[in-house]
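Participant: Okay, handing you the structure first.
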Amino acid sequence: MPYFFILVFFLLFLLSMLAAAGVLFFTRFRRAAPYVLGAALGSVPGFVGANALLFYGLTHLPNNPAQGSLAVPGTLSTLVGIAAVGALILVPVVVSGIGVVLGAIAGMYTAWRITRKKEGLSTSGG
């Protein structure tokens, strides 16, 4: 259920970043366009990779309360169930956000490296 909202917001973010990069190519801020494009394109593998790691972690987690294998007393079972549902809703949102941010940073770094190489500047410091 949370991925219905997460994917909608991610697609809106991606489309707005691509539109911003397109607009920047035709303005006086042309030098910023590769970085915006790099952030947009870098966020895709960040989003996919973070959610793939989350899926792998959730399917291979021992004593996963969502699978009902955690033995708790009857009084705590309701609280554990509420916490598990809360985690299953909140954790994908947080992990997706972290993946998008890290992917965008990696994309901007890649755009910086490509831009420096095109300008003939060394990125090794010498």
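Participant: Does the range 39-79 hold any residues that are exposed (fewer than 15 other Cβ atoms within 10 Å of the Cβ), modelled with pLDDT under 90 and either aliphatic (A, V, I, L, M) or touching an Asp or Glu at 6+ places or on another chain (Cβ under 9 Å) (or both), and which are they?
Facilitator: Across the range 39-79, the qualifying residues are LEU61, ALA66, ALA71, VAL72, LEU76, LEU79.
Participant: Return a yes/no flag: does the range 42-61 have any residue that is hydrophobic (A, V, I, L, M, F, W, C) and not in a helix (DSSP H, G or I).
Facilitator: Yes.
The values are calculated or read from the model by the stated rules, or taken from the named source; none is laboratory data. Just so we're clear, the structure is a prediction, and the values are computed from it rather than from any experiment. A quick note on method: Cβ atoms are made from the backbone with ideal geometry, for glycine too, and the neighbour counts reach across all protein chains shown.
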